[in-house]
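Student: Pasting a structure here, questions to come.
The values are calculated or read from the model by the stated rules, or taken from the named source; none is laboratory data. Keep in mind it's a predicted model, so treat the numbers as computed, not measured. All Cβ positions, glycine included, derive from the backbone under ideal geometry; neighbour counts span all protein chains shown. These area figures cover heavy atoms from the full protein model, side chains too; ligands, DNA and RNA do not enter into them. Shrake-Rupley method; radii C 1.70, N 1.55, O 1.52, S 1.80 Å.
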Amino acid sequence: MREWWEKHAPRASKDLCVAPKKVAEVRDWIRSRVPSLRADYGNHGGGGVVVGSGRVLLLTGPTGCGKSTTVELLCAELGLRLLRWSAPTPTLWHEHAYQGDLAAGYVSKQREFEEFLSRSTIMSQIPLGPSGSGGGGGKGLAFGKSVRAGGTVVLIDDLPATNGFQKHQELVDSLRRFCGSSRHPVVLCLSTIHKQDARDNQGYYQDRVVRSLELSTECKVCTFPAVTAPRIAKVLERASESENHYVDRQALSSIAESSNGDVRNALCTLQFRLVGETREEGVGAVRAKRKRKRKGEVEKRAGAGGGMAPPPPSGGAGPCSRDRELNRLHVLGKILYNKRTEEGLPENDAEEIVRMSHLDAPQLLSWVHENFPDFLGEDAIEECDRISAYLSDAAALMEDGSGFGATPSSLVGVMGYQYGRVTKPTRSLGFHQMRRPQEFDVDKARTMNLIELQYTSARRSRESRTQEPRGTLIAEVLPYSRALACAGARAGDQTRALNIMPRGWHTQESCRGMSKMGFVRVGVGDGDGERLPMAAGGGDQQEEEDEIEEV
Amino acid sequence: MSLWVDKHRPRCLDQLRVHSKPARQLQKLLAGGDCPHLLFYGPSGAGKKTLCLASLRELFGPSVEKLRTEQKTWQIQLPSRKIEVELATVSSNYHLEVSPADAGRRDVHVVQEIIKEMAKTRSSTSVFQQQQQQQEQEASLVKPAKCAYKVLVINQVDKLSSHAQHALRRTLEKYSATCRVIFTCTNLSKVMGPVRSRCVCVRVKAPSTEEISELVSEVAGKERKEVPRGLANKIAASSERSMRRALLMLETASLGKLDESQELQLPDWELFIKDVAQEILREQTPKNLYLVRGKLYELLVNCVPADTIFCKLVHELLRKVDDTIKYDIVSTAATFEHRMRLGTKPIFHLEAFVAKTMSIYKEWSISNFG
């Protein structure tokens, strides 16, 4: 059985449910970048190959909003060849290990990706494999159907997952090299889903890919918004009509709403619901029935109070739709604004919010914790005290591995907030920007600093002939060596104590990528806000410090 | 250039001034060339490590000071999977020093595997020495003088989990033929009974302020600096009876002019915590709580342990508030510190303590001043 999202995929760019403006943007970009098309594109006279800058387009957007489809269709319409990286069927490691003779040799996905990149640059004119996506020999290379104008667009749909910093760096390097030197325009599709979860490693890495691409080449970013529910409903209607099924409009729109702007998912849901349903007979039967229904409705309204059953409530959208999700901002809003009913009870059910939020307890609590002081009145320190005590309870329950699971602890936190906050704030809150928890950056910086300290203590043990506990290193040795280095710098004696200090030091800001690394303002010592260097790095860092102070 | 703390650390047991009495006892104990398991306990900066190193030298002679510092990786086969534990070690041919507490939750494996491995295999030199001794023995019937076992120095036993301490106890029994262990810790009551009873416990008490002030003048004399009596006393008074801190203070002070009026440098994070305490008592609003949170974050980023922050903050607060609310503050601190040990996210508990303190203080100031 073919899946409907494949079967009913749009055939032309005008059928796309992406906003036409965005489609036009991508079309213009491709046109201006492919040399053979630029002649008739007009603006640029010559057709020389522009290498490097501005040859990368980054398409982002939620899943299933039609990013890759748009590129595919546009290429087909413009008569361009599409060189597409799509993830090959992986050879699993244990398959390779135990049946080495049978399965194809194990090649890591990343290695294959790099191969793909290099082949697509060097030997772009030679057909690289059988056309179409079938066959293991194709190694994920698939061509578009018609090659008329002779231009080529490289589409990278799904970056290989990388594990560990070094592998990731390799990926970034190869990608950057490729994007810098590619003869063909490159389109990179990334789902924004990864970006939401800041502590997810893969998302973090992907974020860094994007950032390094933005830095190295002039990369145009185009964000597709999620497809709106009415649009999806229209697509669904078209699909169901061509399948000769009659579906209630209301049901269609409820499917569309619950799909969160994911067309593919909506079509899958529809297909699933209609499995085994009877079809209407004949071409156009569905449309006719719909018309009849509409007339009936009008008549019913005219008749005023006929004996017909009321339409089913649209809430659940039947047994086979997706659960409604709340995104993070909505969840936080529901919790923090804490609307109350007439009797003074919280309006929103904490359990329901927690269930719908899909955030794990550490994340949810961090967000609540970061933002809650803003929602309290000026002198409501008692409430503050109660709420933070509940949050501390929640954090104590959250101990990973044993005891209570995640949900009870987030419930304790959320309900603690709801019931701990008794008064209404005196000022109106209005629009409020939620802050991202500082805790994430703090944790990251702290972990990196602890690693730095490991090396520092190893260096130090060479001098002290023994190991010092980390506590003493932080509490006594390092502060004094900082002071020594500072005083030494004043006295012109630079070398003093510098070899003890860590070589690098991280701050909260440096982890967010905001400022230069290496200096923290802890020096309240002399009262004049003097900055003590936290790390030994030689002269150039000293200069950096001066720069900062000048600014 | 090494710090004065390291430079002037006494190397032999007879050089020790501060703990001369336990040093002499140790000397007698080790004179036979054999040693029991030892456990040095006492506050930070009291001289546990110095005693330990000096005892090692007494046992093995000056060649024990040829040290290697390594970042070793051990692969440990668990029933279900294989894990790698990385740990820094300081070792000579005769001894190995580790701090298994740094391995966090994996300390059990460290203790079980690494120590077992180390204790089982004797170093080649000691085997060689043994053979040599046997030959000498046969030739001239001289009594064997030096021991043929390795010494394992384990730091911070009190920070080890109870699992790890249990493992340690078994290791102690099993390999006592080839291996002696010297423990150091600050809190003896956190070391479990069986481990304690298998060792000779040596109490290393914090030196008195007079002793420290003498030490300060002595070290300054060795560095050819003149420290006035008043300044030495001042350093001793603010050193919290820790020799390490006193010497670090002295070295920092020696860069300036050494006279009695000189301001002593306290560790920057302590000043920072003082600032936090002041901030808490200045204004009790959610907004200020948020500011305080930022400062606490800064301390955490700089790797100051959360329990140290708790301790110091309570001390600073107690110095400033009225007697009537001291009890409440301490009890709150105890509650939240305990919770912090149970759970995750130290900032939640620190902040809860700060909020509670603010509310206690506010209530008190309203009832007193209206």
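Student: Would you pick out the residues in segment A:235-281 that are acidic (Asp, Glu) and either assigned by TED's automatic domain parsing to the domain that holds A:SER191 or closer than 18 Å to A:ALA9 by Cβ (or both)?
Tutor: A:GLU237, A:GLU241, A:GLU243, A:ASP262
Student: Are any of the residues in segment B:332-343 open to solvent by 40 Å² or more (accessible area, probe 1.4 Å), within 13 Å of chain A (Cβ to nearest Cβ) and among the aromatic types (Phe, Trp, Tyr)?
Tutor: There is no residue in segment B:332-343 that is open to solvent by 40 Å² or more (accessible area, probe 1.4 Å), within 13 Å of chain A (Cβ to nearest Cβ) and among the aromatic types (Phe, Trp, Tyr).
Student: Looking at (1) more than 10 Å from every other protein chain (Cβ to nearest Cβ); (2) surrounded by 22 or more Cβ atoms within 10 Å (Cβ to Cβ); (3) at pLDDT below 80, which one does A:VAL414 not meet, given that it meets all the others?
Tutor: (3)
Student: Specify which of the listed residues (B:ARG170, B:ARG198) is modelled with pLDDT of 85 or more and charged (D, E, K, R). Working first, answer last.
Tutor: Values: B:ARG170 fails: modelled with pLDDT of 85 or more.
Step by step, each of B:ARG170, B:ARG198 is checked, and only B:ARG198 is modelled with pLDDT of 85 or more and charged (D, E, K, R).
Student: Then there is this: Out of segment B:271-286, which residues are at the interface with another protein chain (Cβ under 8 Å from one of its Cβ atoms) and buried (at least 16 other Cβ atoms within 10 Å of the Cβ)?
Tutor: The answer is B:LEU271, B:PHE272, B:GLN284, B:THR285, B:PRO286.
Student: Among the residues of segment B:196-208, is any crowded, with 16+ Cβ neighbours inside 10 Å and without any contact (Cβ under 8 Å) to a residue 60 or more places away in the chain?
Tutor: No.
Student: Here's something else I'd like to know. Just name the residue that is modelled with the lowest pLDDT out of those in segment B:44-74 that are more than 14 Å from every other protein chain (Cβ to nearest Cβ) and under 28 Å from A:LEU473 (Cα atoms).
Tutor: First pass over segment B:44-74, keeping only residues more than 14 Å from every other protein chain (Cβ to nearest Cβ): B:58-59, B:61, B:74.
Next cut, under 28 Å from A:LEU473 (Cα atoms) only: B:58, B:74.
Details: B:GLU58: 87, B:TRP74: 78.
Here the residue is B:TRP74.
Student: May I pose another question? Would you confirm, using the coordinates I've provided, whether B:LYS345 is in contact with a helix residue (DSSP H, G or I) (Cβ under 6 Å, 6 or more places away or on another chain), at positive phi and in the same structural domain as B:LYS287 (by TED's automatic domain parsing)?
Tutor: Answer is yes for this residue.
Student: What is the residue count in segment B:254-270 for residues that are among the charged types (D, E, K, R) and within 10 Å of another protein chain (Cβ to nearest Cβ)?
Tutor: 3
Student: Based on what the data block shows, is B:ILE309 touching a Phe, Trp or Tyr at 6+ places or on another chain (Cβ under 6 Å) and outside the structural domain of B:ASP102 (by TED's automatic domain parsing)?
Tutor: no
Student: Looking at (1) more than 25 Å from A:ALA489 (Cβ to Cβ); (2) open to solvent by 20 Å² or more (accessible area, probe 1.4 Å), can you tell me which one B:VAL292 breaks?
Tutor: For B:VAL292, the failing item is (2).
Student: Is there a residue being within 11 Å of chain A (Cβ to nearest Cβ), closer than 26 Å to B:GLN25 by Cβ and either in a helix (DSSP H, G or I) or at pLDDT below 80 (or both) anywhere in segment B:92-101?
Tutor: no
Student: If we keep just the residues of segment B:344-358 that are assigned to a helix (DSSP H, G or I) and open to solvent by 10 Å² or more (accessible area, probe 1.4 Å), which is nearest to A:ALA395 (Cα to Cα)? Steps first, please.
Tutor: Initially, segment B:344-358 is screened for residues assigned to a helix (DSSP H, G or I), giving B:346-358.
After this cut, where a residue has to be open to solvent by 10 Å² or more (accessible area, probe 1.4 Å) as well, the list is B:346, B:356.
Working: B:PRO346: 9, B:LYS356: 17 Å.
The residue in question is B:PRO346.
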